[in-house]
1. Please report the projected area of the chain's Cα convex hull averaged over all directions, in nm².
2. How far apart, in nanometres, would the label points at residue 2 and residue 25 be if each is projected 7 angstrom from Cα along the Cα-to-Cβ direction?
3. Summing -39500 (n - 2.57) over the DSSP H runs of n ≥ 4 in the chain and dividing by its residue number, what mean residue ellipticity at 222 nm do you reach, to the nearest 500 deg cm²/dmol?
4. If packing is taken as the average number of other Cβ atoms within 10 Å across a peptide's residues, how do 98-107, 6-15 rank, most packed first?
5. Between residue 75 and residue 9, what is the spin-label point distance in nm, taking each point 7 Å from the Cα along the Cα→C-beta axis?
6. Filter the chain for me: DSSP H helices, axial length by Cα at least 24 angstrom, mean Kyte-Doolittle hydropathy not below -1.0. List them by residue number.
7. For the residues 77, 47, what sequence is obtained by ranking on other C-beta atoms within 10 Å, fewest first?
Amino acid sequence: MAVGVILFLAFPAIRSAVRSIPLLWLVRWQQARIIGGFFLIGAAMGEVSMPFAAIAGLGDIAVGVAAGLTARAMTAENGRILAWRHMVMGMMDFTIAISTAIITGANLGWPYILIPLFLVPMAVLGHLAVLDRVLPRRMLAQNG
């Protein structure tokens, strides 16, 4: 994830390419988070701790479904604020899921570990791309 942020900040061509992605697509990408429901299946099979699976799995499903609903509701007038709200929701879900994993000592084995290793960083980068798009440029210039 850090590599993605560094590449975005260091290379104008990458920044330009990311900024050319329609905001609607960045929100729709988050629909893939319903894959987090896989944790619930793992919990039902006794392979993932239920407290972690319930919070992370249900949170991911909620954010994934909300991404679809948000994308459907987005218009030229309200797109930025709706994308912002969804980005905040998604990042809060990650914070809660990671905290729960730490508190419960969630030990994720194969294949569940693939979600936090690969999909979470990709989703966070997507949320950061939304943040870059919805914050005014002058605000970004002042802080970075």
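Please treat every number below as a calculation from the coordinates, not as lab data. Small disclaimer: the values here were computed from a predicted structure and weren't measured. Using ideal geometry, Cβ is built from the backbone for each residue, glycine included, and neighbour counts are taken over all protein chains shown.
1. 9.0
2. Result: 2.9 nm between the two label points.
3. Mean residue ellipticity, 222 nm, calculated: -22500 deg cm²/dmol.
4. Taking the mean over residues of other Cβ atoms within 10 Å, the ranking is 98-107, 6-15.
5. Label-label distance for residue 75 and residue 9, simple model: 3.8 nm.
6. Span-like helices, by this rule, are 50-73, 79-104.
7. Details: 77 8, 47 16.
In order of increasing Cβ crowding within 10 Å: 77, 47.
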